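Data block below; observations after.
Any read-out appearing in this document is the output of simple, stated calculations on the displayed coordinates, not a laboratory observation. What you see is a predicted model; the values in this text were computed from it and never measured. Please note: Cβ atoms are built from the backbone with ideal geometry, for glycine as well, and neighbour counts cover all protein chains shown.
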Amino acid sequence: MKPITIITIILSYFLVLVAFSFWVGRKEEKTNDSFFKGNKQSPWYLVAFGMIGASLSGVTFISVPGWIESSQFSYMQVVLGYIVGYFVIATVLLPLYYKLNLTSIYTYLEGRFGNHSYKTGASLFLVSRVVGASFRLFLVANVLQIILFDELGIAFWQTVTITVLLIWLYTFQSGIKTIVWTDTLQTLFMLIALGVTIYFVSDSLGLDATTITSFISESSLSKTFFFEDVLSKNYFWKQFISGAFIAIVMTGLDQDMMQKNLTCRSLKDAQKNMFWFTIVLTIVNLIFLCLGLLLTVYAQKNGIDAHKDDLFPVLAKNYLGSDIFIFFILGLIAAAYSSADSALTSLTTSFSIDILNIEKKYNTAEQVKIRKRIHVLISLLLIFVIIAFKYLIKDASVISKLFTFAGYTYGPLLGLYAFGLFTKMKVHDKWVPIIAITSPILTYIISIGGAIYSYLTIDFATCETTKWDCAVAFASNHYYQFGFELLLINGVLTFLGLILIRSKQN
């Protein structure tokens, strides 16, 4: 396929989004209430459907299919844990947020603990979301670079800049109000791309509607539950429990995801949104795993050397035909931008309200001006971080790195909210930032404890690589392997740290 054809597809897609965003906001006064909360008029079913794309993102579109070869369907254990996490969000967190009528969910920490805790929580989100959104956009920009822009002589930094500026273009007017509608459109594009790709790949493998289910279920790659080895990262209970807490922190304690929920007309609507969102998201994740299995089998049967995050892009571009490649491009950018646009808006919201306190310090007109400047600055920050990742990320699936990083940054948020909700104790507020920094450090030390012990005790006489690599390899075969449960460990350490700095007044 000629590069000009791909560029035409991408530009046409964005023209649709921009036109749609202007149509949605045509009668709206461009206020911060509209930008931050959508005037609390969003239909719950639109929010639920749009959140599918935002939750999955380009990471799921690329990385989950690429995981099958090494991890089979073990990711489904994490997804099943999500169900528990979303139930907690709907029954515990959403009632709290609606009762307090919050714009930024971290305002809760100010009332519960004090200003230092409030700023710590907001700062943790800002770091987490900047890195998380940059991870996701890096993956998509890197794929577009490989399949298109390298051939045109366009540098990676130019690709990234164009990508982020396009997002800014259709979000700068009405923020979250626009995103609720554009994410619905983008989720639809992504699911269409997913369905069409599965149809064509299964047809290439000689499968039809009556045989594809049995083919997938009988394949060794579709093994889902792993109870055999408690030391393994894929052990069921480790992934299931981790999935529950990942959902709580990366959705329920995340301004990005909760900002959409808080645009619903009422708590009841927001809870209906979470209920249907949970059902559909579980099914869609399973379908992505099925796609990964079909792509892996196709690559193996045809002797194609494509693995991990390269699997889907390489097959779509070089082997599955131009029609599939078109749908791949549409699905990829739809998945990526439905996540990135809301991240840009939520980062603008949190920095404006939580860090700059614009609602307390400035009049309405000045608040809008400051918010617009922050929106531009956050866009520039994302560009810088994504370009930096180009030189830092060398191997492994992006989704694995994303969850690992989330375990360190969201863990203190988990501990803070758990302590606030389930105890009546107060703390010495000024010490909270120290606890929030110390807990991730201790968590990291725990995670590499086996490797450290191996380094100090094993005989390196037969070591063919560096001593540290030998120690890591030995530890991975003989000691407990930490996975996504680092998030829970981090949260527990934060909780215990808060007990240590509790005050006498309850």
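What the table below lists for this structure:
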{"item": "Computed [θ] at 222 nm, helices only, for the chain once each DSSP H run of length n ≥ 4 contributes -39500 (n - 2.57)", "result": "-23500 deg cm²/dmol"}
{"item": "Estimated D of the chain in µm² per second, where Rh is the Kirkwood radius over Cα pairs and Stokes-Einstein applies at 25 °C, 0.890 mPa s", "result": "104"}
{"item": "Approximate spin-label separation ALA155-VAL16, in nm, with each point projected 7 Å along Cα-to-Cβ", "result": "3.3"}
{"item": "Neighbour-count ranking [beta-carbon atoms within 10 angstrom, fewest first] of ILE287, ILE435, ILE6", "result": "ILE287, ILE6, ILE435"}
{"item": "Isolated Cys residues of the chain, judged by Cβ distance under 4.7 Å to other cysteines", "result": "CYS264, CYS290"}
{"item": "Gain in span if fully extended, ASN302 to ILE445, counting 0.36 nm per residue against the direct Cα distance", "result": "47.1 nm"}
{"item": "Normalised contact order of region 297-441, rounded percent, pairs of Cα under 8 Å and 6 or more residues apart", "result": "19"}
{"item": "Under 12 Å from the Cα of LYS467 - aspartates and glutamates, other chains or at least 8 residues apart", "result": "ASP459"}
{"item": "Relative contact order for the chain, counting Cα pairs under 8 Å that sit 6 or more residues apart, in percent", "result": "31"}
{"item": "Euclidean distance between Cα centres, region 148-206 to region 477-506, Å", "result": "38"}
{"item": "Computed magnitude of the charge dipole of the chain (debye, nearest 20; Cβ of K, R +1, Cβ of D, E -1)", "result": "2080"}
{"item": "Within straight-line cross-link reach of LYS301, aspartates and glutamates at Cα separation under 15 Å, skipping those fewer than 8 residues along the same chain", "result": "GLU69, ASP203"}
{"item": "Cα-projected label distance for LYS2 with ASP208, points at 7 Å along beta-carbon direction, nm", "result": "3.8"}
{"item": "Footprinting exposure proxy for TYR408, TYR319 (fewest neighbouring C-beta atoms within 10 Å first)", "result": "TYR319, TYR408"}
{"item": "Dipole in debye (nearest 20) - region 320-382, about Cα centre, beta carbon charges: Lys, Arg +1; Asp, Glu -1", "result": "380"}
{"item": "Along each principal axis, Cα extent of region 308-359, largest first, Å", "result": "54, 21, 8"}
{"item": "Scattering profile of region 410-506 at q = 0.18, 0.24 Å⁻¹ [log10 I(q)/I(0), Debye over alpha-carbon scatterers]", "result": "-0.79, -1.10"}
{"item": "Residue order, fewest to most beta carbons within 10 Å, for ARG136, ARG112", "result": "ARG112, ARG136"}
{"item": "Label-to-label distance, nm, for residues given as TRP23 and LYS390 (7 Å Cα→Cβ offset)", "result": "3.5"}
{"item": "Theoretical gain in end-to-end length, MET425 to TYR45 [0.36 nm per residue, Cα-Cα removed]", "result": "133.0 nm"}
{"item": "Distance between region 336-359 and region 293-309 - C-alpha centres, whole angstrom", "result": "39"}
{"item": "Helical segments meeting 30 Å axial Cα length and Kyte-Doolittle -0.5 threshold in the chain (DSSP H)", "result": "3-24, 44-71, 115-144, 176-204, 267-301, 322-350, 364-389"}
{"item": "Proximal lysines to LYS268, defined as alpha-carbon separation beneath 28 angstrom and excluding residues fewer than eight positions away on the same chain", "result": "LYS27, LYS30, LYS37, LYS40, LYS99, LYS177, LYS260, LYS424"}
{"item": "Relative contact order (percent, whole number), region 356-504, Cα cutoff 8 Å, 6+ residue spacing", "result": "36"}
